Every structure is written in structure tokens, then in C-alpha cells.
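The structure appears right after this line, and notes come after that.
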Amino acid sequence: MRLRRAGLALALASCGDAEPRLVSETQIVGDAIPSPLSEASAIAARGKTVFMDREGGHCVLCHAIEGLEAEFQGNVGPDLSAVGERLSPGQLRLRIVDYQIVRPGTLMPSYYRIHDLYQVGEEYQDQPILTAIEVEDLVAYLSERR
Ligand code: HEC
């Protein structure tokens, strides 16, 4: 059941399956999603805004980046000041899309996923927290953190 559903992910996304997947398992290679989610060009400066924005990713709630001019930076998650040295763009992409795939039970929210979500507000039920291009902007921004 699980595999069948994954294989049909993109098709199901448009035909009302109860648990459509935005990213199919065939896009995942190891612990990475090598290909961009969007054909539009990613812009690192926009990713920085998404990183800080309460209405966007609000990643600063749990992560700090050296030199970032944000009032408050959390430490629930690892410091990301040099994350571009540790992780490839594909690894960053998968972690933002759905960290549960890397580490089930992690506190890090799944930002580009709409299946099997628990305790989400009604406004998020049929849409991911971030859009595909917002994820790409974040990947561009974080890749430059070295
Ligand atoms: C509620 C807290 C929380 C929020 C909000 C959050 N994260 Fe995380 N993040 C974590 C935790 C905890 C980890 C460590 C994962 C683990 O080991 O379970 C992590 C890990 C990561 C990693 C991997 C770092 C490494 O060194 O391996 C990246 C990249 C990352 N987060 C990016 C983001 C981005 C981008 C956002 C915003 C879109 C974000 N996180 C929002 C908690 C959070």
C-alpha cells in the first residue's frame, strides 16, 4: 500500500487521494533530493527572509546563523552558520522538505509535506508550510553558509 501510493504520488496529488505526496519516493536518493522542486531560479537573499520571517519558515525560532541580524535566534536545532560545508544542496533540500525521512520523530517540522500530518492547524491541512520556490530559496541561502 505504502509503495503503491508513493509511485503514484504526483498523479494522486491532483485527484483527491486522502494522503497525496508532494515529493515521490523516486525523487529521494539516499538522504537527499538531488533535483530542485521548482524550475524557477532560486534567490539566496529571498531565502534569508524566509529563514527569519514569522510568516515564512521562521527557522530562527530553533536555529542560529552567525551574523544574521535577527532579534532572537533559537538553539533547539543545530547552529547553521557553516551548514553549507556539511550538507550538499540535495541534503539540505530533503531536510527542509521532510526531516522525518532522515530521523523519524525529530522536532524539525516537515515544511513541504501534506500527508500524515498531525496537529496541524486547519489552514495548513491541504497545503505545505512553504512553497517549492521558498524551499529552493532556503537551499540557496543555506548552501552559501560556509
Ligand atoms: C521547532 C524547531 C525547528 C524549526 C522551527 C526548524 N528546525 Fe531545523 N532542525 C531542528 C532540529 C531539532 C534539528 C536536528 C535534527 C535532529 O537531529 O533531529 C534540525 C536540523 C536542521 C538541519 C540539519 C542541520 C545539520 O547540521 O545537519 C537543517 C539544514 C535545518 N534544520 C534547517 C531548517 C530550516 C531551513 C528551517 C526553517 C524552514 C528549520 N530548520 C526550522 C529544529 C527545527
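For segment 28-143, with all protein chains in place and a probe radius of 1.4 Å, 51% of the accessible heavy-atom surface sits on carbon or sulfur.
Translational diffusion coefficient of segment 28-143 (Stokes-Einstein, Kirkwood radius from Cα pairs, 37 °C, 0.692 mPa s): 228 µm²/s. Using the Cβ atoms and a cut-off under 14 Å, what net charge is assigned to the surroundings of Ala42, where Lys and Arg are +1 and Asp and Glu are -1? Once all neighbours under 14 Å are counted, the net charge is -2.
Solvent-accessible surface of protein heavy atoms, probed at 1.4 angstrom with all chains present, puts Thr49, Thr106 in the order Thr49, Thr106, largest first.
The C-alpha radius of gyration of segment 25-81, expressed as a fraction of 2.2 N^0.38 Å, stands at 1.34.
In segment 59-103, the C-alpha radius of gyration followed by the widest Cα-Cα span (Dmax) gives 11.2, 31 angstrom.
Among 74-81, 139-146, the peptide with the highest mean count of other Cβ atoms within 10 Å heads the list, and the full ranking is 139-146, 74-81.
The values are calculated or read from the model by the stated rules, or taken from the named source; none is laboratory data. Predicted, not measured: the structure shown is a model, and the values here were computed from it. Note that each Cβ is placed from the backbone with ideal geometry, even for glycine, and that neighbours are counted across all protein chains shown. Just the protein is used for accessible areas: all its heavy atoms, side chains included, with ligands, DNA and RNA removed. Shrake-Rupley method; radii C 1.70, N 1.55, O 1.52, S 1.80 Å.
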